[in-house]
Amino acid sequence: MSGNQPNRIPDFGRIGRDEPLRFTFDGKAYTGYKGDTLASALLANGVKLVGRSFKYHRPRGVFSAGVEEPNALVALREGARREPNTRATVAELFDGLVAESQNRSPNLKYDIQSLNQAIARFIPAGFYYKTFMGPFANTRLWMFFEKIIRKSAGMGTASGEADPDRYDRMHAHCDVLVIGGGAAGLSAALAAGEAGARVILVDETPRLGGRLNQDVYKIGDLSGGEWVEQTIAKLTALPTVKLLTRTTAFGYYDGNLIGAVERVSDHLPEMPVHLPRQRWWRFRAKQVILATGATEQPLVFGNNDRPGIMLAGAVRAYINEYGVLPGRRAVIFTNNDDAYRTALDVMNAGGAAVAVVDARKNPRSTLIDHTRGKGVTVLTGHAVVNTHGHFELQAVDVAPIDGDGAARRLDCDLLAISGGWQPNVHLSSQTGAKPVWNDKMNCFLPGTPKRPEASAGAAAGRFTLAAVLSDGHARGTQAAALTGHSLDREVKLPRVDAETPAPSEALWEAPDPATGHPKKFVDHQDDVSADDVRLAHREGYVSVEHLKRYTTLGMGTDQGKTSNITGLAIMAKLRGQPIPAVGTTTFRPPYTPIAIGAMGGTERGQHYKPRRRSPMHDWHQERGCEWIPAGLWDRPRHYPLTPNETLRQAYVRETKQTRQSVGICDVTTLGKIDIQGPDAAEFLNRVYTNGFAKLPVGKARYGLMLREDGQVYDDGTTSRLGENHYVMTTTTANAVAVMAKLEFYLQAVWPDLRVKVVSVTEQYAAIALAGPNSRKVMQKIVDIDLSDDAFPFMACGPCHAVTDAIRARLFRISFSGELAYEINVPSDYGRFVWDALMDAGAEFGIVPYGLEALGNMRIEKGHVAGAELDGRTTADDLGLGKMLSAQKPFVGKTLAQRPGLTAPTRKKLVGLVPVDGKTALPNGSQIIELADRDKPRPVKMIGNVSSNGFSPELNTPIALGLLEGGLAREGDTVLVAYPLKNLYIPATVRNPHFVDPEGKRLHG
Amino acid sequence: MSRYSVFSVLKGGLTGQTHWGRAWRDPEPKPEYDAIIIGGGGHGLATAYYLAKLHGMTNIAVLEKGWLGGGNTGRNTTIVRSNYMLEANAHFYEHSLKLWEGLSVDLNYNVMFSQRGVLNLAHSDAQMDAYARRGNAMRLNGIDAELLDREQVRRYAPVLDFSDSARFPIVGGLLQPRGGTARHDAVAWGLARGADSLGVDIIQNCEVTGFDIQGGAVKGVQTTRGAIKAEKIGMAVAGHTSQVAALAGLTLPIESHLLQAFVSEPLKPFIDGVVTFGAGHFYISQSDKGGLVFGGDLDGYNSYAQRGNLPLIEHLGEEGMALMPSIGRIRMLRHWAGVMDMSMDGSPIIGKTPIKGLYLNGGWCYGGFKATPGSGWVFAHTIAHDEPHWINRDLDLARFRDGRMVDERGAGPIPGHH
Amino acid sequence: MFRFTCPHCGERDVVEFSYGGDASVVVPDLAAGEEAWFDAVYQRDNPRGPHVEYWHHVAGCRQWIRVERDTLTHEILACGPATGRMRPETGGEGA
């Protein structure tokens, strides 16, 4: 025996006995072996109690040996790597593993909330829908109880710390994707691979072979395990075949795309620095073979949840794959032949098979005869009706299934149960292929494929090894052929002993014992009992979805893999209808739960979204600017002179200095679209509200664009650089959308127009120079005459900047209302030209200004920007009505004339100044009438403040806003309301052109 | 109908909970009703409930093609809020929120409305200004709203990313404390039970296949269970509104799009209220059972498929990790998709149609669940009086033609952008 | 996660495209009246089944293309340029 592992059986299993691994569970130290799962290692150590159920906190043990596990959930690892709700049955053991039980307090053995069992009768399914209401019509009573419920609900506890590990993403294409590496999958992959197809085989476990590792089989002259090894060797030798273990195909999506997660490092004690924790795969396959196997279904009987009650196939898995005998004295309870193997394997491993309790009245097969021949008591027509024990099983009560005859008690410490096998139809069902109920086999089979896929082996309802191997081979051959690959020789399949099992008979729920009415669990994790299903039926929650939602059946982390079918069957019986009439359950992805970190892949932290930077970014950084995000761009907000200078001090200083002398601003982020072609003028005439056809070469014009629905879309200047060549600017926010829209018009709506557009936003650095001295500064670096006559307001043209090597475009346009220029140079020269302008401007005290001063100056001028162009305003609202040409049609013109968009009650652009001349009018304020300040809410909002700033010239805070009545209310006092901070500021309505309303400075 | 109370459940405990009867009947359709509501989701059931309760119309039927609550009522992320800026929406959703607050008691069915708050995060000052504009409007409309700074957000939801590695650091947020979540299925069941007890026939597995329209007025419907007459018919079939309306010859400003939703494995309390990411499309809350419920953007194309695709799933993972990098090791348990009626301005349509006696309730975009009681309430009024209530007057179908859009996002007539 | 045959680039993944909505809508002449523009901007057949729609190959050739796709099954039925003939989709790995 293996020292401190009392249940370990010598010479069994595929574990590495020369590699002992230490681990702890709830602080207690144990040892297992390489190749163990946490569950097998715990069972080897005789640990039976591993968890508590969701609602009643019943003691629970390991129930299965795979992903279907409802009970054995633990928190794996510690600290930031703590992973709650981890199934011990699939967690690979590693040295130093730390696991903790869940949903218990203070500990697993003494759990205070196990008191819930005592009041179980008072808290049936859905009790919370009937209680915790009133007496008053508010939510207080419920929220009081909800706090308690929330604390006791949930299972595991999340770490709350940032996940320290990395996740990767991979894409792969193949001819044939085989999902599942058991007998069928291996056989299919071999057939397809030998035919020359590009094959990828994935399996969720670390060890290919599936049930061949867990059952005793002969294939030809080989054992099952030897055949697996031989097949893997053959597959590995094929250059077009790729095998991926620890990889769960979780979802089947459109375009024959399979999503999968590979657990690259979860089985390692430490995460290697060069590997991700998990890898997210997108497999795109021409053909998919679903060799996903089947899940053994349990039986429902009194107290069927005690530690020591396990699926019969799981018992064989622990014996044959892990070398662990989970109990010494086993009773087997079944409705099919397969579980008889468990009796034989238990005996073979040195345990006792106390009895096989078979619900069938008169089953006949060689396997049953063989089992009887080994001296095992077989009780046909019997059922287990109750069990005894608390933290572990001690005995079961067995009674005739038709209800007459006394129960007899069988002492045992292991009950292996089998309700037959349900093919794993999840993935095919996700494609919309509705599973089909098979009355003979008592299970759902995959529906008619809707995609290039085929199920193979147990997933297709083939449950004998011979059938599985030949089916896998046939499917593999067929899939390869469909992708143009075939083998020119006959393949002889290995000989496998024929099996002729007796048919299974449905037994969804065993009868009650003669006395008492013990709980019979359908869904172990969520504690849904057969009585709960009956209650749902009684109350009319009879459709499958109502049943699930009302009772929470199948809503646990195991997603109902061992409970949905049983629940459905019990409901069908209650309704007196066949199962398919009651419905199928929806197999929603993922097949097993997947880490959200894996979903997110590599795009974490700063990589969540790209960061766009202008060519002058480093200069701004060196100058100590404060940054502000503008979409994906970083833009300088202001350049504080000292650490103590406030935002307002800084932008007011920048505004002043610009208006008095000269300022420089990085405007690279504005969208720039190059437009060329003989019909470019006509094109612009259609997309802008104002005329562009007559714009002379060498001139720029401000343009306004509407959406088709007539509301303002975007604005910017467009310049005519040549007869058939324009460059358009857009707002930073709309650059991408406007570009796509222009392309749409040209390609889909007006393909006859000979125009091409291309975005050049990132090809040019754009620098604005504003202020009375801007001409003097700019003149120093360009080689064209900037005198007002030679280069007047709205002029544009090519030039060279600094040296003859730098070809630039110069525009005399202004957002600030000052004499101003904008120069565009190829991005690579941006920083160089910027530096040159700073040098040239030094004698004038040139000041860099940020987005805040830029905004402030445009507010002083009453220019609208993003806050006003909010997608709900019309040209007229913004005081731009005169830009709607009456001479020509343009996009949006027709629908702009609808009554709702021309109503006199619409809010229109106004300027606002505080009555006291001091208090800022914060952005986001609403505007109400003075008289409404103290009236009960709701009160009418007559407008809102969209942008605000401070005008050094007027020496007052200023704001732009939209106000009902617009300038008709000039001179009125209104109330700027910011109730979130209890601010109510009387303000005077005035013309929004606060500074230089005649625009003299532009022409200076 | 037996009344639900803690005493009746305790009593049931002594008798094996066998005293409960059906929560609602399973009647055969009658040949004629005073009114028919098409659609047995929350909205249709609420309409029937309020028609019977407030307008005395009890000879009515709800026709459901599948099972009650099987559409978007059972497929959403259960958020209830009224944090809207534009008046038409604000008044409507606030009316609905007030009904939510008393709904469990009114229905004698605990719909588990829990007012744990809805917080919209802001990641720039400009976004704070936009939220302030909305929050100030809410307050002036008599709706609760609070502007939180970064520290207040940290106290409200400490699991969010406040580290230096956040691509879009949290600046603050707008909180509606009265917002929260409810148990979506319970709303359908409670309303069904309530309507049934007032005499409403709730008929499942009954699909409408055509309308009987004479002289511009509706006279009845054809169904998979025979023809049924009624001179007032309300459609509450969001997700499939275009399809049902087309049976009456109507074309609508609506497209059907997919919205996916996700739930994680159950956890002990992790996050209290509802939090929405401001630098992407992601929102998250935690159900009473412990699952993190999250969702995000539309899949981005017209669809009726009720199942989504991988790009959006990956995107949601990215968004979730950007907002709260501690969810990396939490596992997603299920994902599904609902079919959204995306209207051309992002707001619902509740009112009359050009056909007399035929009423439309649709275009809910993402907002349908929270609207459930309010939608039924104003729709019942509209059907009973053949005139909208002032609360839904501006949410009419004619607004699109007239240019009176209620466009909360300002995204324009692109349904997928709302 | 469908794939389209972009008429300019060949078979590409949907993530390279952005959606442009119903392509059966005829954008009216700019001078057309309110009725025509109202229909084009707001009214949608919104079919449950085959749907011809625009997609913009933003991460490829930047051409708008038309795709016929079933809105219930997501099957791709045909692809073509923004104007001109559509070709039936052969299936490939897509279907």
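The values are calculated or read from the model by the stated rules, or taken from the named source; none is laboratory data. Bear in mind that the values here come from a model prediction, so they are computed numbers and not experimental data. All Cβ positions, even for glycine, are placed from backbone atoms using ideal geometry, and neighbour counts span all protein chains on display. The area values use the complete protein model at the heavy-atom level, side chains included, leaving out ligands, DNA and RNA. Shrake-Rupley method; radii C 1.70, N 1.55, O 1.52, S 1.80 Å.
Checking understanding here: applying a Kyte-Doolittle mean of at least -0.5 and a length along the axis of at least 24 Å (C-alpha), which whole DSSP H helices in chain A pass? The qualifying helices are A:465-482. Relative to the Cα centre, the charge distribution of the stretch A:671-760, modelled as +1 at Lys and Arg Cβ and -1 at Asp and Glu Cβ, gives a dipole magnitude of about 260 debye. The residue B:164 and residue B:125 beta-carbon pair, evaluated with R₀ = 30 Å, returns a calculated FRET efficiency of approximately 0.95. Kirkwood radius, the stretch A:508-582, all distinct C-alpha pairs, inverse of mean reciprocal distance: 12.3 Å. Computed over the stretch A:485-573, relative contact order equals 26 percent, with contacts defined as Cα pairs under 8 Å that lie 6+ residues apart. For the protein assembly as shown, A:174, A:412, A:443, A:625, A:665, A:796, A:799, B:206, B:365, C:61, C:79 have no disulfide-compatible partner, since no other Cys C-beta lies under 4.7 Å from theirs. Rounded to the nearest 10 degrees, the inclination of helix B:184-197 to the longest alpha-carbon principal axis of chain B is 20 degrees. With everything on Cα atoms, drop me the angle between helix B:310-323 and the longest principal axis of chain B, reported from 0 to 90° to the nearest 10. Approximately 50 degrees, to the nearest ten.
Helix B:368-385 versus the longest principal axis of chain B: what is the Cα-based angle in degrees, 0 to 90, to the nearest 10? Approximately 30 degrees, to the nearest 10. Charged neighbours of residue B:417, selected by a Cβ distance under 13 Å, balance to -3 (K, R count +1; D, E count -1).
Distance from the Cα centre of the stretch A:787-815 to that of the stretch B:106-132, in angstrom? Measuring centre to centre over Cα atoms gives 52 Å.
Dividing the convex hull volume of the alpha-carbon atoms in the stretch A:691-744 by its residue count gives 89 Å³ per residue. Once the Cα-Cα distance is subtracted from the 0.36 nm per residue extended length, the residue A:143 to residue A:931 segment shows a gain of 279.7 nm.
Report the C-B buried area as the accessible area lost on both sides summed, probe 1.4 Å, in Å² to the nearest 100.
2200 Å²
Past the 25 Å Cα-Cα mark, which pairs from B:219/B:352; A:361/A:573; A:440/A:561; A:694/A:780; A:940/B:98? Distance filter (> 25 Å) returns A:694/A:780.
Coordinate range of the alpha-carbon atoms in the stretch A:901-1003 per principal axis, descending: 51, 34, 20 Å.
Okay, which of the stretch A:236-271 sit inside 16 Å, backbone N to the point 7 Å along the Cα-Cβ direction of residue A:491? Output list for this probe position: A:236-243.
With Cβ to Cβ distances under 13 Å as the rule, what net charge do the other residues near residue B:333 carry (K, R +1; D, E -1)? So the environment of residue B:333 carries a net charge of +3. For the stretch A:205-253 versus the stretch A:600-663, the spacing of their alpha-carbon centroids is 58 Å.
How high is the relative contact order of the stretch A:619-733? Use alpha-carbon pairs under 8 Å, at least six apart in sequence, and give a whole percent.
Taking the mean separation of contacting Cα pairs over the length of the stretch A:619-733, I get 21 percent.
In the stretch A:734-856, taking the dipole from charged Cβ atoms about the Cα centre, the farthest positive-side position among A:742, A:760, A:800 is held by A:742. Among the trypsin sites (Lys or Arg not before Pro) in the stretch A:912-1004, those located in a DSSP loop and surrounded by at most 14 other Cβ atoms within 10 Å of their own Cβ are A:918, A:933, A:940, A:1000. Under the convention that each Lys and Arg Cβ holds +1 and each Asp and Glu Cβ holds -1, the size of the dipole of the stretch A:164-280 around its Cα centre is about 160 debye.
For the stretch A:382-470, the C-alpha radius of gyration divided by 2.2 N^0.38 Å, with N the number of residues, is 1.57.
Take the solvent-accessible surface of the protein heavy atoms, probe 1.4 Å, and return the percent of it on the stretch B:285-418 that carbon and sulfur atoms account for. The value for the stretch B:285-418 is 55 percent carbon and sulfur by accessible area. Both numbers refer to the Cα atoms of chain B; Rg and Dmax are 21.4, 68 Å. Rg and Dmax of the stretch A:671-760, based on Cα coordinates, read 11.7, 33 Å.
My understanding is that a pair violates if its Cα-Cα distance is over 20 Å; which of A:434/B:289; A:55/B:289; A:130/B:11; A:147/B:268; A:242/A:434 do that in this structure? Pairs exceeding the cut-off: A:434/B:289; A:242/A:434.
Rounded to the nearest 20 debye, the dipole size of the stretch A:508-582 about its Cα centre is 220 debye, using +1 on the Cβ of Lys and Arg and -1 on the Cβ of Asp and Glu.
Each of A:379, A:84, A:983 was placed along the dipole of the protein assembly as shown (beta-carbon charges, centred on the mean Cα), and the one lying farthest toward the positive end is A:379. Excluding ligands, DNA and RNA, the accessible surface per residue across chain A is 36 Å² with a 1.4 Å probe.
For the chain pair B and A, the buried solvent-accessible surface (1.4 Å probe, both sides summed) amounts to about 10200 Å². Using alpha carbons only, the radius of gyration of the protein assembly as shown set against its Kirkwood radius gives Rg/Rh = 1.00.
Between the listed residues A:677, A:365, A:491, the Cα displaced farthest toward the positive end of the dipole of chain A, a dipole computed from Cβ unit charges relative to the Cα centre, is found at A:365.
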